[in-house]
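All remarks here apply to the structure that follows.
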Amino acid sequence: MAASVDERLAQTFVELADTLVAGFDLMEFLHTLTERCVELLDVDAAGLLLADGRGALRLVAASTEQARVAELFQIQNDEGPCVDCFRSGQAVIIGDISAGDVATRWPRFGPAALEMGFAGVHAIPMRLRDQVIGTLNLFRRAPRGLDQHVARAARALVDVATIGILQERAIRQQELVATQLQAALHSRVMIEQAKGVLAERHQVTPDEAFLILRRYARNHNRPLTALAGDVIQGTADISPGSQATTRPAPHDEPENSPGPEATSGPHS
Amino acid sequence: MGERSVKVWAWIAAAHDGDAPVTIATLCRTAVLRLGVDGASVTAVSGLVAREPVFASDEVSARLEEFQFTTGEGPGADDFWFGSPMLIPELDSVTVRWPGFVSAAVEASARAVFSFPLQAGAIQVGVLSLYRARPGPLGAEELADALVFADIALQLLLDVSSGLVESPDYQPLDGVPGAQAEVHQATGMISVQLDVSLEEAFVRLRAHAFANGAALGDVAGDVVRRRLRFGPGSAPGSGR
């Protein structure tokens, strides 16, 4: 079991290292990384959160765009494994969130995670020297901690993510770290805006819109953020029926959405 | 809204004349007071070319903005929109890149310059520029505070254009970054519903929330779940 994780890990590093050279697309890289986390670490969802420079953690990439899971990553503003991990700089590994005093420790996040069917909750710090720049958040349905090999693999994947974001060897100064983190967060906002534009144009949910966007980006070899810009400008012609070369993984299937409804007046 | 945002907004609110709407001028003066810098200015940007100075706290700031505007050279100038601030603690480091800007800055006794794009994704409305006579980086706390000043400046610029700042209980903090992803998704959806720019869509979303006394995130959630739709011809403040 351990050997096969190591082999697959090595394969993943080769794959990811290839993407770090010419034509590097940060957003695509981070999304792929979260997907590899799900496969290699035997978890059900993975999310990468970055410090926004103002004291909060923000989600920049996740293995699934399902809104309810994304929200579970994002509600960890004041409490949750990610906040604890970020503040302490230590990994937070909770094998079973329904056991012990977790509900008292995280009165909002705990019940929300349980309601989503997650028992195992882990957060691994993303570090640059003494600084924690974000966290990798993992959710697992089955109650189980992270064994040693898996934890080691998780830390290795987190380091790869950090390098991807910061091009570590070139970073000497706080200014460069801050600006590169802001650039990553900016890219995410552009992608969210493009999701909205596509969702409305094609009358799909934002999660479905992301799949459309990503498939198109891969099929046309276009970086995600640049494509998002094109969508927003109206210069990308994306139809929902574009041929996909890869099937979405099961956890990527969008949740059911209500059809468009007529409104009855302004929300109050 | 985070503690830091509340703190920075309190600084700005304390600095302005109680009855008048909060202005960019107040924001800039507060930034100078709190960030260990000597000057602050905001320039509004429309598209790639049109730039309009909004406020400069002092002569040096005004001159630096003017220089960048006329030459297109410098941290706040045209090729700036990479989604991150431009932090230059020592002007020497950019002499090769922006020779004209560096000599203009040195002549004006500015040795450190920090530029913050006022933007949310593809919505780009301006630049907040800070300078200091003494070289050296912004402190970590100052940098974090400056990012919040930029967030608030973005909201202020948008809300001035829509008239929201005139309202008595106006405060721009609802919807500063840290906002849910749904706010950005809703902005995209509304831009298609109304066939307007993202910036206009964002202004309309905010105006609707404000007019209805609703939290921006809640309204955005309704838009994303298609419980609320912005139709063409609807007036600002209404969702239909």
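The numbers here are math on the coordinates, done by the rules we state, and not lab data. Here the structure is a predicted model, which means the values were calculated and not measured. Methodologically, a virtual Cβ is constructed for each residue, glycine included, from the backbone with ideal geometry; neighbour enumeration extends over all protein chains shown.
Net charge dipole, the protein assembly as shown: roughly 560 debye, given to the nearest 20, about the Cα centre with Cβ charges of +1 for Lys and Arg and -1 for Asp and Glu.
Normalised by 2.2 N^0.38 Å, where N is the number of residues, the C-alpha radius of gyration of the protein assembly as shown stands at 0.97. Among the GluC sites (Glu not before Pro) in the stretch A:1-83, those placed in a DSSP loop whose Cβ has at most 15 other Cβ atoms within 10 Å are A:GLU79.
Taking amide H atoms as placed 1.01 Å from N in the peptide plane, the amide H of B:PHE55 lies under 5 Å from those of B:VAL42, each 5 or more residues away in sequence or on another chain. Label positions at B:GLU166 and B:ASP58, each projected 7 Å from the Cα along the C-beta direction, are separated by 3.5 nm.
One quarter of the surface of the convex hull around the alpha-carbon atoms of the stretch B:181-224 equals 2.5 nm², the direction-averaged projected area. Using C-alpha pairs under 8 Å with a sequence gap of at least 6, the mean separation divided by the residue count of the stretch B:85-158 gives a relative contact order of 32 percent. Compute for the stretch B:3-163: radius of gyration divided by Kirkwood radius, i.e. Rg/Rh, restricted to C-alpha atoms, rounded to two decimals. Computed over Cα atoms, the ratio is 0.94. Evaluated with a Cβ-only charge set (Lys, Arg +1; Asp, Glu -1), the stretch B:181-224 carries a dipole of roughly 80 debye about its Cα centre, given to the nearest 20.
First measure r as the distance between the Cβ atoms of B:ALA211 and B:SER103, then evaluate 1/(1 + (r/R0)^6) with R0 = 51 Å and state the FRET efficiency to the nearest 0.05. Given R0 = 51 Å and the Cβ-Cβ separation, E is 0.55.
Taking a point 7 Å from the Cα of A:ARG152 along the Cα-to-Cβ direction, the residues of the stretch A:84-126 with backbone N closer than 19 Å to it are A:91-93, A:124-125.
Can you tell me the FRET efficiency between B:GLU141 and A:SER239 if r is taken as the Cβ-Cβ distance and R0 is 41 Å, rounded to the nearest 0.05? E(calc), rounded to 0.05, equals 0.25.
Take the Cα of A:ARG141, step 7 Å toward its Cβ, do the same at A:PHE24, and the gap between the two points is 3.7 nm.
Students often get this wrong: which residues of the stretch A:72-111 have the backbone nitrogen under 13 Å from the point 7 angstrom along Cα-to-C-beta of A:ARG127? Residues A:86-92 fall inside that zone. Taken over the C-alpha atoms, the stretch A:2-170 has Rg and Dmax values of 15.1, 49 angstrom. Amide H to amide H distances under 5 Å link B:GLN124 with no residue, where only residues 5 or more positions off or on other chains count and H is placed in the peptide plane.
Extension gain, A:GLN203 to A:ARG108, is 30.9 nm, computed as 0.36 nm per intervening residue step minus the present C-alpha separation.
Extending 7 Å from the Cα toward the beta-carbon at both A:ASP101 and B:LYS7 defines two label points whose distance is 2.9 nm.
When shorter helices are ignored and each DSSP H run of at least 4 residues is given -39500 (n - 2.57), the per-residue value for chain B at 222 nm works out to -14000 deg cm²/dmol.
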